[in-house]
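Data first, discussion second: the structure below is written as structure tokens.
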Amino acid sequence: MAGPLPEAVRLSVVEAAAELIGALPADEVPVPLRRFARFERRKRAKLAGQHIAAVLEKDPDFRGRVAEPLREAQPELVEAVEGGRVPPAADPVRVAVVAYLLRPDGWTELVEAARAELERSATASEEEAAERRVAALKEELASARAARASEVDKLRAELRDTKAEVSELRRKLHDARTRYRAAQERAETLAAETDREMAAAREMSAAADKELRRLRSRAAQAEAAAEAAKRAAREGRNIDDMRLRLLLDALVDAAQGVRRELALPSTIARPADAVGALEPDRLAHRALPGRALSDSDPQLLDRLLTLPQVHLVVDGYNVTKTGYGELPLSDQRTRLLSGLGGLAAQTRAEVTCVFDGAELDAPVAISAPRGVRVLFSRPGQTADELIGELVRAEPDGRAVVVVSSDREVADAARRANARPCPSTLLLRRLGRS
């Protein structure tokens, strides 16, 4: 044989062998093809095609086994090929497949004849396809010529319309230029009139500005006089009156608290009330909250916050550096003020938080929670001194609690009749909140 099998013949032979491999018992399948026996038929023919072709070429027994189904399906064709009498109308591919598998005398000539017939069929098909392409191109050319003629006629009509439109546009352009010159003359006239009116408006505006400055000066003088009068009125108030009013409110709240604690009746006393005796479920005396508690008692701060009109003064940085000194100063202030806001809302106590102004590199904007007063010490003043001023500003008799673990601050608070409280108790109280 002059060359390899034609592709169509090779594919037919491989597909016949792949069909047989799936039907044979596993021990009868050639060893190189056993791993493909479990594949689906089409996958066997596609993936094992080269292996099947190699085994067919080398193993005559396997070729005979593959030819048996063909012998049963097409006995006349097989007999004719073995006898060397090929029917003229037989399919050359089928003849070549049978000849290749059976290998009768002259089988190579049958394969070559099939190859020549396939090549002639391919050439004839190509010629027919070429003739069809030529005919199609001729039709496309005729259609393109007709379309071109139609397009030329259309373009000529559009050219005539365009020329007419250009003429119309030239006429409109002339009219527009005429109107533009007239409008330009009117605009120049209006511009001159506008310039005169603007000059008059500037003169009026200058006069109005002068009058406005005079009125503003008089208003500023009036505001300064009013502010001076308000300042004088505020300074004229007596600080002792403010202290007396605050103390009176504290006394009223304390009296109401004592009345509730002792369950005093709201009516006047009766003669029988003067007889000395003890009534059931009533204590003869109850101590003031926090008076008998030590500074380290966990209940000290809770009892002090129950006092009427109590003022809680907090040494800010002493508390924050005791509880969370590893944070930046801004975070320390934010965390403490947030907790004090919740405490003020729960107890309704007056809360003042004092920070040392020397700790600041620059002014800071702090949004104090509702019910919490935030103060920084002035330049040259410490936070301890500012706390002392706050305590001394309160009237005698008002409950003032100073929260600080600084010994000097606590001693100064006691000397000023205020109750000191360690920072750890406040931290514990805020942790519960």
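Odds and ends about this structure:
- Residue match in segment 123-138 (condition: at pLDDT below 75, in a helix (DSSP H, G or I) and polar (S, T, N, Q)): yes
- Candidates in segment 374-390 are the residues that are charged (D, E, K, R) and touching a residue at least 12 places away in the same chain (Cβ under 8 Å); of these, the one that is surrounded by the fewest Cβ atoms within 10 Å (Cβ to Cβ) is 378.
- The listed residue being open to solvent by less than 20 Å² (accessible area, probe 1.4 Å) and of a type in the set (Gly, Ala, Ser), out of 399, 418, 393: 418
So that you can scan it fast, the table gives a plain yes or no per residue for (1) aromatic (Phe, Trp, Tyr); (2) modelled with pLDDT of 90 or more; (3) farther than 23 Å from residue 307 by Cβ:
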site: 344; (1), (2), (3): no, yes, no
site: 366; (1), (2), (3): no, no, yes
site: 374; (1), (2), (3): no, yes, no
site: 418; (1), (2), (3): no, yes, no
site: 432; (1), (2), (3): no, no, no
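- Restricting the search to helices (runs of 4 or more DSSP H) fully inside segment 14-107 and requiring at least 3 residues that are at pLDDT 75 or above and charged (D, E, K, R) gives 60-73.
- Sole residue being of a type in the set (A, V, I, L, M) and open to solvent by 70 Å² or more (accessible area, probe 1.4 Å), chosen from 368, 349, 344, 358: 358
- Counting only residues that are in a helix (DSSP H, G or I) and out of contact with any strand residue (DSSP E or B) (no Cβ under 9 Å at 6 or more places or on another chain), segment 321-357 holds 14 of them.
- Single condition residue 306 does not satisfy, out of (1) outside any loop (DSSP other than H, G, I, E, B); (2) modelled with pLDDT of 60 or more: (1)
- Test for residue 164: is it under 58 Å from the mean Cα position of the chain (by Cα) and free of Cβ contacts under 8 Å to residues at least 40 places away in the same chain: no
The values are calculated or read from the model by the stated rules, or taken from the named source; none is laboratory data. Since this is a predicted model, take the numbers as computed values, not measurements. With ideal geometry, Cβ positions are generated from the backbone for all residues, glycine too; neighbour counts draw on all protein chains shown. The accessibility values were calculated without ligands, DNA or RNA, using every heavy atom of the protein model including side chains. Shrake-Rupley method; radii C 1.70, N 1.55, O 1.52, S 1.80 Å.
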